[in-house]
Amino acid sequence: MVKKNKVKRTGDDEAISLGTMLRTSPRKLNLVASLIRQKSVGDALNLLSFSSKRISFEVKKILQTAIANAENNHQLDVDKLFVSRVDVGKSITMKRWRARARGRVGKIIKPFSRLTIIVKEEKLDHVDQKTQSSVNKGKIENKAKDSTKNVKSTKKESTKTTTESQKTDSSKSKDSETKEGKT
């Protein structure tokens, strides 16, 4: 019996890149991988360039490979790509020994990891329609709020002017009464 090679099938709008035998533990690799999940490709490359983690350089190379696969093999637009999935897994573990006191040995474990990055092309037409409708709703709501503010402010101004005119009328009548009373 011959084992069949497992080939990961990808959709028409996505590309894949694999990294095996990365010399770090999966736990440490997952810290870097979580930085780029669901980010656009440009943002992900920028984050990896300025990351202080040692493994981020190799993750960046694998991401660049995925971008090149998307561009050359699948004819996808690089500007619309985003990191849709990042899988981190455990690979082999090398075990080494170190001499310790009284003839004993100490174990040194050197873990390796694997990394799978899948980039996908965003469908901006569908997103644009949703955002456009929400923007239009927001504009209508803002106009409604502005119009109610204008009505409220005009009511306040009209009440202010009526109270001021009443005050001036009452003060004039008081003045005229005092003048009449004196004469």
_Given 60/90; 60/107; 61/90, the pairs whose alpha carbons are separated by over 23 Å_ = 60/107
_Global form of region 25-78, assessed from the alpha-carbon gyration tensor, a/c cut-off 1.5_ = prolate
*In nm, what is the difference between 0.36 nm times the number of residues separating residue 21 and residue 123 and their Cα-Cα distance?*
33.3 nm
*For region 18-110, what size does the Cα cloud have along each of its three principal axes, sorted from largest down, in whole Å?*
63, 26, 16
*Net charge, residue 28 excluded, C-beta distance under 11 Å - Lys, Arg +1, Asp, Glu -1*: +4
*Sequence-distant residues sharing a close amide H with residue 20 (under 5 Å, placed H)*: 115
*Give the long-range amide H neighbours of residue 76: residues separated by 5 or more places, or on another chain, with amide H under 5 Å away, using H modelled in the peptide plane at 1.01 Å from N.*
71
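All of the numbers you see were taken from the coordinates with simple rules; none came from a lab. Given the structure is predicted, the values throughout are model-derived calculations rather than measurements. Here the Cβ is made from the backbone with ideal geometry for all residues, glycine too, and neighbour counts use every protein chain on show.
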